[in-house]
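The values are calculated or read from the model by the stated rules, or taken from the named source; none is laboratory data. If you're wondering where the values come from, they're calculated on a predicted model, not measured in any experiment. When we count neighbours, we look across all protein chains shown, and the Cβ atoms used for this are built from the backbone with ideal geometry, even at glycine. Each accessible area value is taken on the protein alone, full model and side chains, heavy atoms only, with ligands, DNA and RNA left out. Shrake-Rupley method; radii C 1.70, N 1.55, O 1.52, S 1.80 Å.
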Amino acid sequence: MGRLIVVSNRVAPTQEGRPAAGGLAVGVLDALKETGGVWFGWSGETVAEPSAPVIEQQGSVTYATVGLTRRDYDQYYKGFSNTTLWPTFHYRNDLARYERQEYGGYLRVNVSLARQLQPLIEPDDIIWVHDYHLIPFARCLRDLGVKNPIGFFLHIPLPVPEVMRSVPPHEELMKFMCHYDVVGFQTGADRQAFLDYIERGGHGTASEDGMVHAWDRILKVGAYPIGIYPDAIAKSAGQFADRKPVRSLRDAMRGRKLIMSVDRLDYSKGLAERFQAFERLLQNGPGWHGRVSLLQIAPPTRSDVQTYQTIRRNLEGEAGRINGRFAQLDWTPIQYLNRKYERNLLMALFREAQVGYVAPLRDGMNLVAKEYVASQDPDDPGVLVLSQFAGAAEQLPGALVVNPYDLNQTAEALERALSMPHAERVSRYQDMMASLRENNLSVWRDTFLTDLRSVATAASVTARARQAAPVDKASAPAAPAPASPPASTATTVPRAATRAQ
Ligand code: ADQ
């Protein structure tokens with residue numbers, strides 16, 4: 001069997017024990033460590049000129065990283081990826097901006113990354129591309145003659161067609177997605193959004209088994225919810241329980257209950273609404289004053305994007321306002337920490353919290369929700385309060401599910417979680433652990449890769465059969481095999497890139 005080549009915008013820090021805030025990095029690294037393979041992508045450095053990948057071997061994983069020029073960083077990463085696609089895909093068109101030049105940069109970088117990866121690809125490899133930065137990547141590889149199976153997984157939500165259409169090159173992006181052999185989403189709802197775009201827009205058809213025929217392509221489209229390794233997390237949460245920061249937190253909370261939230265500092269995470277629902281709890285329930293604290297850990301990301309500076313200021317203002325309103329000499333209601341923690345330590349901190357509070361306004365999956373559950377003490381577990389807009393809500397049957405825009409409902413759920421009887425907490429925890437075990441990270445990876453291998457095998461069998469016995473045009477299937485894009489569109493990527501510069 002060939003190697004697995006994972007391609008993502010950012011290759012995670014390679015040193016063990018270094019915190020890697022970001023769900024993709026956590027999920028991909030764990031998945032890749034088990035199978036071994038190559039991880040290709042941006043090193044996080046900006047460079048004067050693009051150059052060949054730097055190769056570094058660590059255990060079973062080969063890291064192949066490249067730098068981006070300042071212009072690439074501004075147009076591809078900061079621009080189209082994070083100022084057009086990220087907000088729109090999280091239903092924040094109000095924060096999205098579209099610049100044709102940035103889209104040109106996005107296409108140019110995809111072409112350039114594909115060229116840098118191509119020499120590393122061996123005939124038996126399978127290629128798994130991750131996330132919204134790299135939607136055109138399969139198309140770019142195919143243009144270079146790469147025939148290997150190529151799959152794509154979107155870690156963030158795919159919006160419904162009406163919202164998707166607000167991105168000016170929406171149709172080209174959807175066509176690019178159809179150049180993969182398998183396209184995977186986090187939830188059934190995201191998958192449905194894709195099918196609705198294709199079918200209602202008259203671009204193609206889908207069959208029961210998830211095969212889509214669109215724009216002369218055949219691909220498989222499925223929901224592959226990303227998981228975690230719950231038992232490994234449970235183990236490390238227990239093992240790190242006596243570390244100093246965990247002991248300090250425990251001592252500080254003596255006699256008080258702890259509600260805990262951990263997120264990247266991002267507007268999709270609904271942090272201001274979260275603080276306001278906690279404020280509502282204190283406002284409606286004076287009995288909680290001095291008896292419960294909210295610990296919010298939120299390391300800043302993308303801090304050079306203007307919107308992220310604004311959200312940071314707003315949030316600091318909200319925490320200050322609420323603390324000013326309710327704090328007592330010996331009690332601060334909200335502790336807001338702008339920093340990363342080592343992963344195992346974070347899991348041990350989760351175990352100290354009676355409530356895990358995960359309330360994004362929109363989230364592909366949200367691994368924190370899963371990690372919180374897995375970190376709990378099975379004999380005395382905490383309760384998860386979870387937004388209905390996180391993909392994880394489809395998967396965690398024991399959570400108290402809330403609409404984060406409804407501050408009263410969320411405050412009531414927090415109250416219920418804080419007061420929940422032991423037997424109910426245990427039963428909810430057990431339901432969720434069963435689901436986490438059944439859909440762990442290996443299941444995510446293996447299901448996706450099994451589909452990718454079988455779709456690619458079926459496609460090459462069909463292609464060989466066609467070559468051996470050419471059929472007359474009238475009876476030929478409408479779409480060619482996935483590995484061979486139609487010649488008529490073969491230059492779309494370079495042309496669009498040139499046009500937009
Ligand atoms: P993210 O938006 O980054 O991921 P999430 O799924 O919650 O969101 O993952 C965050 C990860 O970073 C978690 O593993 C968490 O433990 C870690 N982390 C967060 N804050 C940290 C801190 N202060 N210190 C250390 N570690 C921290 C994207 C999508 C999600 C999707 C994932 C995976 O936006 O919807 O679940 O990819 O597919």
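Of all DSSP-defined beta bridges confined to the range 133-228, some 50% are antiparallel rather than parallel.
Computed about its Cα centre, the charge dipole of the chain is approximately 820 debye, with only Lys, Arg, Asp and Glu carrying charge at their Cβ.
In this label model, residue 248 and residue 70 are separated by 3.9 nm, measuring between points 7 Å along each Cα→Cβ vector. Residue 189 to residue 335: FRET efficiency via 1/(1 + (r/R0)^6), r the Cβ-Cβ distance, R0 45 Å, to the nearest 0.05? After rounding, the FRET efficiency stands at 0.85.
In percent, what relative contact order does the range 385-445 have, based on Cα pairs under 8 Å that are 6 or more apart in sequence? Computed value for the range 385-445: 35 percent relative contact order.
The antiparallel fraction among DSSP beta bridges confined to the range 1-133 stands at about 25%. The mean sequence distance of close C-alpha pairs (under 8 Å, at least 6 residues apart), as a share of the length of the chain, puts its relative contact order at 16 percent. Accessible area ranking (1.4 Å probe, heavy atoms, ligands and nucleic acids excluded), largest first, for 235, 220, 340: 235, 340, 220. Looking at the chain, the DSSP beta bridges with both ends there are about 20 percent antiparallel. Rolling a 1.4 angstrom probe over the range 230-438 with all protein chains present gives an accessible area of which 46% lies on carbon and sulfur atoms.
Apolar share of the accessible surface for the range 4-227: 48 percent from carbon plus sulfur atoms, 1.4 Å probe. In a fully extended conformation the segment linking residue 289 and residue 162 would gain 41.2 nm over its present Cα-Cα distance, using 0.36 nm per residue.
Solvent exposure of the chain amounts to 41 Å² per residue of accessible area, where only protein heavy atoms count and the probe is 1.4 Å.
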